[in-house]
Amino acid sequence: MSRATRVLVTGAAGQVGVDLQDTLRGVTPLGGDASFQPDGRPVGEHEFEVLGLNRRDLDVTDRDAVLRSLHAARPDVVVHLAAYTAVDRAEEDVENCFNVNEQGTALMSLGASEIGAHLITISTDYVFDGTKGAAYLEFDEPRPLSVYGASKREGERHCTPGDTIVRTSWVMGVRGNNVVHVIAERAASGANVRFVDDQMGTVTAASDLARSLVSLVRARPGGVWHVANSGATTWFDVAAHVGDLLNRGEEFATPISTSELSPPPLATRPARSDLDTNKFTSSFGELPPWRDAVARLVFDRPRRGEVPS
Ligand SMILES: NC(=O)c1ccc[n+]([C@@H]2O[C@H](COP(=O)([O-])OP(=O)(O)OC[C@H]3O[C@@H](n4cnc5c(N)ncnc54)[C@H](OP(=O)(O)O)[C@@H]3O)[C@@H](O)[C@H]2O)c1
């Protein structure tokens, strides 16, 4: 029997981190679709040996700690999920954001290459400015509008050509704190919501991203890959869909424009940053439609408290 692939995961306590660790251990995460296997192979119970590190275990901005951890753990693959993800707060906390997203990624790439491990790191649709007028391809020119987007782009630039960069967008997990939970709680409480219908993007269920990452851990392809659930949408459409799922009437969700948000968000977001995922889907397989993904997130929410997050 061949030995298990050793996978070191940073940001292990984040929403993608918990779903990825479940998936690598052969467990379907909350909100996951057990039948979604982009490379057609179920995850073997002992296929992977997983070392999940949260911020207490490893601060990815600490050069000595990063290099020491990687040399000690000797993983075959590093999946780097740790990130500064507070998009609006980043506008006033520029140095910390760049330390984590640029320097942290640079250190992970350096450390992985020192030990001969493959690095998979996660980036974002917010590297784009949203003016293309069509879905973004892997080789489209990044032009970030926000501090967060710029910090993630600089992180990408520190990667080697052999590293795998996965750009994803609007990520939501059952165990994360995200917009779908806010909408579902409002729907359950009888309140209504207002959401923008002038920002278009692609929703990504953390569980579907996690299963896609397993395919990339196996294939170690290198280069840039766009990964998201299929179909572009707007935040208003997401809210209206959650309302439908929870049997709220049409009046539950009202569309507004970004200029009506009060107070206005600190960070500027691209008006249209949906990701073209054809490269991933033609190599591995299509992710489920975003409406299915959101339904799984909504209906698995009551089980959130059953599992420590
Ligand atoms: N969420 C989205 O919509 C989205 C969209 C596109 C791309 N992405 C990317 O996808 C990846 C995973 O995102 P996610 O949604 O799982 O994020 P998340 O839930 O915010 O998790 C990120 C994790 O990184 C940890 N972290 C922050 N600073 C750190 C440091 N200096 N050292 C070690 N760990 C640190 C955080 O710990 P604390 O909780 O202690 O801060 C948190 O557990 C990130 O690269 C993110 O940029 C996310």
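The values are calculated or read from the model by the stated rules, or taken from the named source; none is laboratory data. Bear in mind the structure is a predicted one, so any value in this text is a computation, not a measurement. So basically every Cβ, Gly included, is an ideal-geometry build from the backbone, and we count neighbours across all protein chains shown.
From the list 258, 281, 277, 233, pick out the single residue that is over 14 Å from residue 169 (Cβ atoms), buried (at least 16 other Cβ atoms within 10 Å of the Cβ) and among the polar types (S, T, N, Q).
None of the others qualify; the one that does is 281.
For region 134-144, indicate whether the set of residues that are in contact (Cβ under 8 Å) with a residue 24 or more places away in the chain and farther than 23 Å from residue 230 by Cβ is non-empty.
no
Is at least one residue of region 87-107 surrounded by fewer than 19 Cβ atoms within 10 Å (Cβ to Cβ), among the hydroxyl-bearing types (Ser, Thr, Tyr) and either modelled with pLDDT of 95 or more or not in a loop (DSSP other than H, G, I, E, B) (or both)?
Looking for residues that are surrounded by fewer than 19 Cβ atoms within 10 Å (Cβ to Cβ), among the hydroxyl-bearing types (Ser, Thr, Tyr) and either modelled with pLDDT of 95 or more or not in a loop (DSSP other than H, G, I, E, B) (or both), one finds none in region 87-107, hence no.
Quick grid of which residues meet (1) in contact with a helix residue (DSSP H, G or I) (Cβ under 8 Å, 6 or more places away or on another chain); (2) basic (Lys, Arg); (3) more than 16 Å from the ligand (Cβ to nearest atom):
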{"position": "3", "(1), (2), (3)": "no, yes, yes"}
{"position": "7", "(1), (2), (3)": "yes, no, no"}
{"position": "10", "(1), (2), (3)": "yes, no, no"}
{"position": "22", "(1), (2), (3)": "yes, no, no"}
{"position": "37", "(1), (2), (3)": "yes, no, yes"}
{"position": "43", "(1), (2), (3)": "yes, no, yes"}
{"position": "68", "(1), (2), (3)": "no, yes, no"}
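Of the residues 79, 60, only one is closer than 30 Å to residue 302 by Cα and within 16 Å of the ligand (Cβ to nearest atom); which?
Among 79, 60, only 79 is closer than 30 Å to residue 302 by Cα and within 16 Å of the ligand (Cβ to nearest atom).
Under 8 Å by Cβ, and 6 or more places apart or on different chains, what pairs join a residue from region 232-244 that is within 14 Å of residue 258 (Cα to Cα) with one that is β-branched (Val, Ile, Thr) and assigned to a helix (DSSP H, G or I)?
Listed by first residue and then by second, the contacts come to 235/179.
Check off (1) assigned to a helix (DSSP H, G or I); (2) under 18 Å from residue 171 (Cβ atoms); (3) in contact with a strand residue (DSSP E or B) (Cβ under 9 Å, 6 or more places away or on another chain) for residue 69 and give me the number that stays unchecked.
Checking residue 69 against (1) assigned to a helix (DSSP H, G or I); (2) under 18 Å from residue 171 (Cβ atoms); (3) in contact with a strand residue (DSSP E or B) (Cβ under 9 Å, 6 or more places away or on another chain), the one that fails is (2).
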